[in-house]
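S.K.: First the structure, then my questions, so here it is.
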2 protein chains.
Amino acid sequence: MAPLSRRAEWSRDQPISFLMQQSVENPGVLALSAGLVDPDTLPVEVVREAVDALLSDPRGGRSALQYGTTPGYLPLRRQVRSLLAQLERLDPDELGVGDDQILLTTGSQQFLSIVGEVLVDPGDIVLVSAPTYFAYLGCLNGLGARTIAVPSDDQGMQTAELDRILGELDRQGELPRVKLIYVVSWFENPTGISLSVPRRKELVELARRWSRAQPIYVLEDAAYRELCYESDEMPSVWSFDRDRTHVILAQTFSKTFSPGIRVGFGVVPETLRAAAAARKGNEDFGSSNFNQQVIAWVLEHGRYAPHVDRVRAGYRRKRDAMLAAADRYCSGIPGVHWVRPRGGLYVWMTVPPAVDTSFRGALFHHATRQNQVMYVPGDVCYGGVADPPRNQMRLSFGVLDVDRLEEAIQRLACGIQAVLERSPAASAASG
Amino acid sequence: MAPLSRRAEWSRDQPISFLMQQSVENPGVLALSAGLVDPDTLPVEVVREAVDALLSDPRGGRSALQYGTTPGYLPLRRQVRSLLAQLERLDPDELGVGDDQILLTTGSQQFLSIVGEVLVDPGDIVLVSAPTYFAYLGCLNGLGARTIAVPSDDQGMQTAELDRILGELDRQGELPRVKLIYVVSWFENPTGISLSVPRRKELVELARRWSRAQPIYVLEDAAYRELCYESDEMPSVWSFDRDRTHVILAQTFSKTFSPGIRVGFGVVPETLRAAAAARKGNEDFGSSNFNQQVIAWVLEHGRYAPHVDRVRAGYRRKRDAMLAAADRYCSGIPGVHWVRPRGGLYVWMTVPPAVDTSFRGALFHHATRQNQVMYVPGDVCYGGVADPPRNQMRLSFGVLDVDRLEEAIQRLACGIQAVLERSPAASAASG
């Protein structure tokens with residue numbers, strides 16, 4: 001009999017642990033791997049003002065330091081409604097969800113995790129883009145889920161492929177095991193690509209059409225929704241689910257405000273409300289009430305929108321700096337190309353197949369040890385793919401400043417060239 | 001095929017939801033049911049000072065608002081070591097655990113939940129005191145655990161009974177399914193009783209002795225450890241596990257400092273370190289870094305110990321007030337008796353068997369509707385007992401002030417008497 005639960009066994013050896021270990025062992029590296037936010041965006045003064053306001057009234061201060069409710073601070077859930085209504089260009093009353101369908105969590109990660117917990121039994125199927133957000137693949141593994149990859153292109157998850165795969169699962173009698181379709185709809189982590197509008201609509205239609213024996217939910221991870229650097233606006237996947245029955249929406253204040261405050265949120269269909277709240281209760285009775293009150297104050301006093309504007313401007317500059325550096329240092333290397341994201345925090349780069357970007361490949365080792373630069377290997381972002389591509393990388397422009405971003409890309413280019421020159425293909429060509 | 005996971009189905013209908021619903025429906029009730037802390041104990045000024053200090057330095061402020069690490073803010077884990085060392089009367093270096101065996105969580109609830117997650121598969125056995133902390137029974141149900149009740153008396157869990165039950169399980173071939181023994185060692189929620197010192201030692205010996213095919217861990221929930229109102233001091237169960245292999249220790253800053261800040265912690269044996277951290281990563285990547293830095297500042301600047309002294313003095317007064325009120329209003333009712341706790345937040349009261357204290361019983365209905373007072377029915381605190389006693393109650397002196405505590409107990413006494421007078425036994429006696 002194993003000393004650990006099966007779920008603990010399924011959660012072993014996560015790439016994030018390896019990445020953190022590498023950071024510790026190589027303290028001088030420039031980390032294009034980290035998913036942190038830009039320290040310069042962090043709202044020190046705004047939080048100070050909010051806390052001061054909250055705690056200057058002893059009675060209000062005590063209420064902020066007391067337990068809150070499991071689903072979260074009601075005034076913040078109402079502020080979230082207003083924010084969503086604004087993003088959806090709706091009146092808050094037209095949103096079509098009650099306050100109790102909004103759950104406040106410890107970052108959106110906890111919300112994503114809870115959705116998995118309440119829907120997925122071991123052996124159940126979750127459909128994900130290939131590639132997709134690797135931390136959620138870790139969650140799904142921990143649940144014993146079977147992830148099935150849906151190919152994506154420059155418009156995101158290919159809905160025609162999704163339809164074909166669902167048909168295939170139906171023929172195999174596996175349709176009743178399909179519980180969830182997970183998609184990062186804006187500036188996908190890792191590719192930076194947004195799901196196109198027609199596909200957003202189609203995704204909802206497919207989820208409805210294939211919900212036969214049981215509902216198939218779409219989990220729309222909109223973590224990067226507000227980090228858009230061009231003027232293009234898109235309706236959410238959620239907006240096409242007009243009766244709010246099939247799409248679960250996850251968002252967060254971590255990227256736009258502060259990950260240290262750690263407040264995320266999600267909206268669930270009525271059918272999942274009680275289960276999600278019960279799960280949240282079992283996990284922690286509710287996230288920090290104090291922090292929820294801080295965020296509520298910030299929203300209520302109009303401090304959020306201008307802050308997000310500044311954050312956007314900062315990341316836009318950094319995205320541009322990374323792309324300019326890639327143009328300068330990488331465009332001369334044959335077979336190297338990358339996505340030009342319109343938002344989010346990541347540039348997705350592809351290198352020649354001869355350059356193995358995986359943890360055990362030549363580039364990762366060379367880059368971290370020789371060039372002192374680190375990235376997230378693309379292959380960890382594929383779930384349910386036996387032999388994922390090993391010539392891709394996720395490069396984050398979130399943390400480093402403009403000068404270091406340029407330096408980091410230059411170092412990475414050196415690493416790619418060094419590995420290419422030593423590869424058998426290169427030797428054969430030169431020999 | 002069910003639309004929800006089995007774990008979600010197992011988590012339905014938790015007593016806490018019913019209690020909260022009752023609070024909403026009966027807004028005028030005096031709640032002896034709430035597990036909140038006394039608002040007067042909440043450290044508004046200390047938190048304000050801590051936040052001000054943290055955020056007055058822009059660089060430090062930004063670090064507090066950035067992501068932290070999954071196991072938690074290292075300086076706070078080190079402060080926790082010092083606190084533990086002080087409580088254990090050891091030098092921090094003699095504690096016998098590394099910093100990475102300390103996990104910071106969203107309250108100790110999340111730590112308790114994580115321990116269950118990493119150890120318990122559906123059908124596995126967890127041994128618990130009867131009665132015990134009902135919220136953890138909810139967690140265990142959510143995991144599909146089989147809880148087996150170990151009787152307790154005025155010295156806590158009966159270790160001789162525990163030994164007998166383990167022997168029985170061994171004969172039935174079920175020993176390999178036993179993963180955990182859960183015990184609230186100080187001022188147990190709900191009984192207020194502490195596990196006696198000889199039984200603490202014996203508990204560890206039993207866990208070791210019966211760890212054959214797999215380790216059987218003791219989960220020591222020491223949430224109320226610092227809320228002691230008499231001079232008696234006791235070593236922890238954990239202290240008897242000298243090589244730190246069999247006891248998992250859970251504590252929290254919620255009760256002694258602020259539940260709104262929501263920082264708890266636990267110490268795990270080396271064998272569980274990686275699994276607990278991986279689970280924490282899947283759930284939320286780490287609790288709020290900001291709040292951990294607030295608590296670290298409070299400990300570092302010597303603000304914690306004097307605050308806990310004030311908290312203790314306040315609760316001691318309130319415990320005394322509740323006991324005095326019980327003496328005044330309840331001692332005249334035949335068959336009513338209660339525990340006089342030496343710490344914690346609860347008085348455990350037993351009424352005559354004719355008075356049904358359960359949610360569906362006459363007293364709960366009468367008390368909430370007529371007398372406007374609410375308690376936690378004792379039967380919800382029994383796990384693995386087919387027919388739990390229905391004539392017990394958990395009465396919390398945490399939230400209400402001294403005057404209201406007296407009023408609440410008076411109301412409760414009226415309710416008990418009213419129900420007794422209408423009971424068939426009473427009618428028979430008077431008839």
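S.K.: From the phi angles alone, apply the Karplus equation (6.51, -1.76, 1.60; θ = phi - 60°) to region A:184-192 and give each ³J(HN,Hα) in whole Hz, x where the residue is Gly or Pro.
M.R.: Along region A:184-192, the couplings run 8, 7, 10, 6, 3, 8, x, 7, x Hz.
S.K.: Would you mind calculating the gained length between B:Glu161 and B:Val402 on full extension (0.36 nm times residue separation, minus the Cα-Cα distance), in nm to one decimal? It would help to have the intermediate numbers written out before the result.
M.R.: Details: separation 241, 0.36 × 241 = 86.76 nm, distance 3.90 nm.
That pair, B:Glu161 and B:Val402, stretches by 82.9 nm at full extension.
S.K.: Let me confirm one metric for peptide A:258-271, namely the mean number of other chain beta-carbon atoms within 10 Å of its residues' beta-carbons.
M.R.: Values: counts 8, 9, 16, 6, 12, 1, 1, 0, 0, 0, 0, 0, 0, 2.
Average neighbour count from other chains, rounded to a whole number: 4.
S.K.: With +1 assigned to the C-beta of every Lys and Arg and -1 to the C-beta of every Asp and Glu, and no other charges, what is the dipole magnitude of region A:109-186 about the Cα centre in debye, to the nearest 20?
M.R.: Here region A:109-186 has a charge dipole of around 160 debye.
S.K.: To check you understand DSSP bridge types, tell me what percent of the beta bridges within chain A (both residues inside) are antiparallel, rounded to 5. Mind showing how you got there, number by number?
M.R.: On the way: 20 of 41 bridges.
Percent antiparallel among DSSP bridges in chain A is about 50.
S.K.: Another question, then. Among the trypsin sites (Lys or Arg not before Pro) in region A:43-111, which ones are in a DSSP loop with at most 13 other Cβ atoms within 10 Å of the Cβ? Mind listing them?
M.R.: Details: sites: A:Arg48, A:Arg59, A:Arg62, A:Arg77, A:Arg78, A:Arg81, A:Arg89; in loops: A:Arg89.
Here the sparse-neighbourhood loop sites are A:Arg89.
S.K.: Kindly put B:Val44, A:Val373 in sequence by how many other C-beta atoms sit within 10 Å of each C-beta, fewest to most.
M.R.: Final ranking by Cβ density, sparse to dense: B:Val44, A:Val373.
S.K.: For a quick check: sort A:Ser11, A:Ser113, A:Ser5 by the number of other beta carbons within 10 angstrom, fewest at the front.
M.R.: With the fewest neighbours first, A:Ser11, A:Ser113, A:Ser5 line up as A:Ser5, A:Ser11, A:Ser113.
S.K.: What does the average come to when, for each residue of peptide B:216-228, you count the partner chain Cβ atoms lying within 10 Å of its Cβ?
M.R.: For peptide B:216-228, the averaged partner shielding equals 0.
S.K.: Roughly what would the spin-label model give for A:His301 and A:Asp154, points 7 Å off Cα along C-beta, in nm?
M.R.: So the two model labels end up 4.6 nm from each other.
S.K.: Restricting things to alpha carbons, tell me how big region B:279-348 is in terms of Rg and Dmax, in Å.
M.R.: 19.5, 55
S.K.: Provide the convex hull volume over Cα atoms per residue for the protein assembly as shown, in Å³.
M.R.: Values: hull volume 148.3 nm³, N = 862.
About 172 Å³ per residue, rounded to a whole number.
S.K.: Under the convention of a label 7 Å out along Cα→Cβ, give the distances in nm from A:Ala85 to the same position in every other copy, shortest first.
M.R.: Nearest first, the other copies' label points are 5.5 nm away.
S.K.: Mind putting a number on the dipole of region B:198-328 about its Cα centre? Charges go on the C-beta only, +1 for Lys and Arg and -1 for Asp and Glu, and I need it in Debye to the nearest 20.
M.R.: With only Lys, Arg, Asp and Glu charged at Cβ, the dipole is about 180 debye.
S.K.: For region A:44-302, what D do you get in µm² per second when you plug the Kirkwood radius from alpha-carbon pairs into Stokes-Einstein at 4 °C and 1.567 mPa s?
M.R.: Using the Kirkwood radius from Cα pairs, D works out to 69 µm²/s.
S.K.: Let me ask something additional. Bin all alpha-carbon pair distances of region A:1-111 at 5 Å intervals from 0 and give each bin's fraction as a whole percent.
M.R.: Reading the bins upward from 0: 2, 8, 10, 12, 14, 14, 13, 13, 10, 4, 1, 0.
S.K.: What is the calculated FRET efficiency for B:Thr271 to A:Gln21, with r their C-beta to C-beta distance and R₀ = 22 Å, to the nearest 0.05?
M.R.: The computed FRET efficiency comes out at 0.70.
S.K.: Along the charge dipole of the protein assembly as shown, pointing to its positive end and built from +1/-1 on Cβ of Lys, Arg, Asp and Glu, which listed residue (A:Gly415, A:Val355, A:Leu227) has its Cα farthest out?
M.R.: So the residue furthest toward the plus end is A:Val355.
S.K.: Place the peptides B:20-26, A:17-23, B:297-303 in order of packing, highest mean first, counting for every residue the other Cβ atoms within 10 Å and averaging per peptide.
M.R.: On the way: B:20-26: 13.0, A:17-23: 15.6, B:297-303: 17.6.
Peptide ranking by packing, descending: B:297-303, A:17-23, B:20-26.
S.K.: Hey, could you get me the Stokes-Einstein D for region B:282-431, Kirkwood radius over alpha-carbon pairs, 20 °C and 1.002 mPa s, rounded to whole µm² s⁻¹?
M.R.: 122 µm²/s
S.K.: Next up: How far, in nm, would the chain grow between A:Arg6 and A:Val385 when pulled straight, counting 0.36 nm per residue and subtracting the alpha carbon separation?
M.R.: 134.2 nm
S.K.: State, to one decimal in nm, how far the label point of B:Ala213 lies from the label point of B:Asp99, with both points 7 Å from Cα in the Cβ direction.
M.R.: Taking the simple label geometry, B:Ala213 and B:Asp99 are separated by 4.0 nm.
S.K.: Grab the DSSP H runs of chain A that are 4 residues or longer, score each as -39,500 (n - 2.57), total them, divide by all residues and round the 222 nm result to the nearest 500 deg cm²/dmol.
M.R.: Using -39500 (n - 2.57) per qualifying helix, the result is -13500 deg cm²/dmol.
S.K.: Cα-based Rg of region A:342-396 per 2.2 N^0.38 Å, rounded to two decimals? Display every interim value, and only then the final one.
M.R.: Details: Rg = 11.3 Å, N = 55, 2.2 N^0.38 = 10.1 Å.
For region A:342-396, the normalised Cα radius of gyration is 1.12.
S.K.: Here's a follow-up. Taking 7 Å along the Cα-to-C-beta vector as the label spot, tell me the A:Ala85-A:Asp232 distance in nanometres, rounded to one decimal.
M.R.: Placing both labels 7 Å along Cα→Cβ, they lie 2.9 nm apart.
S.K.: Please compare each pair in A:Lys318/B:Lys280; A:Lys179/A:Lys201; B:Lys280/B:Lys318; B:Lys179/B:Lys201; B:Lys201/B:Lys318; A:Lys280/B:Lys280 to a cut-off of 25 Å on the Cα-Cα distance and tell me which ones are over it.
M.R.: Cα-Cα > 25 Å for A:Lys318/B:Lys280; B:Lys280/B:Lys318; B:Lys201/B:Lys318; rest within.
S.K.: Something else about it: For each of B:Phe359, A:Phe397, B:Phe290, count neighbouring Cβ atoms within 10 Å of the residue's Cβ, then give the residues from fewest to most.
M.R.: Values: B:Phe359 17, A:Phe397 26, B:Phe290 29.
Taking fewest neighbouring Cβ atoms as first place, the list is B:Phe359, A:Phe397, B:Phe290.
S.K.: Only Lys, Arg, Asp and Glu count, each charged at its Cβ (+1, +1, -1, -1), so figure out the dipole size of the protein assembly as shown about its Cα centre, rounded to 20 debye.
M.R.: So the magnitude is around 340 debye.
S.K.: Right, something else. Give me a single rounded figure for B:177-183: the average over its residues of other chain Cβ atoms within 10 Å of their Cβ.
M.R.: Average neighbour count from other chains, rounded to a whole number: 1.
Bear in mind these aren't lab numbers, they're just calculated from the coordinates by the rules spelled out. What you see is a predicted model, and the numbers here were worked out from it, not measured in a lab. For neighbour counting, all protein chains shown are included, and Cβ atoms are generated from backbone atoms with ideal geometry for every residue, glycine included.
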